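> Quick one: the structure is below, questions incoming.
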Ligand SMILES: NC(=O)c1ccc[n+]([C@@H]2O[C@H](COP(=O)([O-])OP(=O)(O)OC[C@H]3O[C@@H](n4cnc5c(N)ncnc54)[C@H](O)[C@@H]3O)[C@@H](O)[C@H]2O)c1
């Protein structure tokens, strides 16, 4: 028996890093998971890992920034597993510059992936959620508690130099969360944000370890943090180290459990005690 038996979850950007660990954790607790990633291979690999552990998952590759992706993602859950209970908006990347060097393209790309895409996914989910609630009420069944977890960052809660685009997008995520918590309370949906500090993934590894660049629509975008800066950042974290993707997934899982059914509109910082 898992804590999330019979639940259906969609997790964007779950081919790698934190999203992958979120998908594995939800599946280990019994949820059936729709795994999305921009890159089809890592998405398939996450599905294979879930299946190898005895869980159920299906891949839904594609960019969350495609205008019709929200409908596609939601339909994959409904068509494959017959419902939708948990939505995790996790996909994203960084494209940093100081403001005087930041182009409109850089600004728009980061706002699109971190803020507009979650908005579209949630908009696409509304008819499915409202329809299920109506059906449950009409048949005298209890309305189950559904969960939305949107991923933010300490850059969103406190701002970060060199990341005006990312900080603005991730701050926007908390606004989206709070608005939706108010709109969807009547559907018994909790909507929360998890803001990560420093978690060791491709985004934050030293460039040499992370591969240095990621491919977004044919454009090579540099990711990874200078190793000296990483060491300095780790020294400021009360727990003395960066977090693992599994630890980050644990924070998201807290908002997906039945024990958090009366917690909504909150931002949980998962940063080893460090806060901006
Ligand atoms: N790692 C950290 O320290 C940290 C800190 C704060 C917030 N975050 C946030 O956590 C989330 C996960 O990041 P991560 O560290 O695991 O990075 P990651 O690069 O390891 O994984 C992110 C995944 O998202 C996918 N992705 C990117 N753009 C996409 C798109 N348009 N459509 C679909 N998939 C897409 C990537 O292919 C990748 O597999 C992001 O929202 C990130 O901003 C991470």
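> Restricting to Cα pairs below 8 Å that are 6+ residues apart, what does the relative contact order work out to for region 134-241? Please round to a whole percent.
Once normalised by length, the contact order is 21 percent.
> Please compute the volume of the convex hull spanned by the alpha-carbon atoms of the chain and report it per residue in Å³.
Enclosed volume per residue, from the Cα hull, is 125 Å³.
> Could you sort the peptides 150-162, 54-66 by per-residue average Cβ neighbour count (10 Å cutoff), highest mean leading?
150-162, 54-66
> Relative to the longest principal axis of the chain, what angle (0 to 90°, nearest 10) does the C-alpha long axis of helix 17-28 take?
Tilt of helix 17-28: around 30 degrees.
> So, one more: Would you calculate, for the chain, the mean residue ellipticity at 222 nm contributed by helices, counting each DSSP H stretch of 4 or more residues as -39,500 (n - 2.57) and dividing by all residues, to the nearest 500?
Theoretical 222 nm ellipticity from helices: -13500 deg cm²/dmol.
> Percent relative contact order of the chain, based on C-alpha pairs within less than 8 angstrom and at least six residues apart?
Answer for the chain is 18 percent.
> In degrees between 0 and 90, to the nearest 10, how far off the longest principal axis of the chain does helix 117-138 point, with axes built from Cα atoms?
For helix 117-138, the angle is close to 20 degrees.
> Show me, bin by bin at 10 Å from 0, the whole-percent P(r) of region 1-147 based on Cα pairs.
Distribution as computed: 12, 39, 31, 14, 4, 1 percent.
> Next up: Under 8 Å for C-alpha pairs, at least 6 residues apart: give me the relative contact order for region 1-157, rounded to a whole percent.
22 percent
> Against the longest principal axis of the chain, how steep is helix 164-184, in degrees 0 to 90 to the nearest 10, with axes from Cα atoms?
Helix 164-184 and the main axis of the chain meet at about 20 degrees.
Laboratory data are not the source of any read-out in this text; all were calculated from the coordinates shown. Just so it is clear, the model here is predicted, and its values are computed rather than measured. In this analysis, Cβ positions are derived from the backbone assuming ideal geometry, glycine residues included, and neighbour counts consider all displayed protein chains.
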